[in-house]
1. Quick one: how many residues across region 28-57 are under 19 Å from residue 2 (Cα atoms), out of contact with any helix residue (DSSP H, G or I) (no Cβ under 6 Å at 6 or more places or on another chain), surrounded by 16 or more Cβ atoms within 10 Å (Cβ to Cβ) and touching a residue at least 24 places away in the same chain (Cβ under 8 Å)?
2. Hey, among 21, 7, 14, which residue is within 22 Å of residue 66 (Cβ to Cβ) and out of contact with any helix residue (DSSP H, G or I) (no Cβ under 9 Å at 6 or more places or on another chain)?
């Protein structure tokens, strides 16, 4: 699985799926789901039905990446 670039990270929506978050962290699918099920994923997970969502702001903070500044205002 390819790790996301800085530019790709900064273009993510407000929440991302577990696999996108895992990709950003360099984790494989199996390990990501294992950590999520144990409650040990390195950032907060929001359960929506059977889906796992990760807040992008928390993922970026964990990675030490600044949030992009909106310029369309």
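1. 1
2. Step by step, each of 21, 7, 14 is checked, and only 7 is within 22 Å of residue 66 (Cβ to Cβ) and out of contact with any helix residue (DSSP H, G or I) (no Cβ under 9 Å at 6 or more places or on another chain).
Since every read-out is calculated from the coordinates, none of them should be taken as a lab result. Fair warning: this is a prediction, and the values are worked out from it, not measured in the lab. Heads up, the Cβs are rebuilt from the backbone with ideal geometry, glycines too, and the neighbour counts pull from every protein chain shown.
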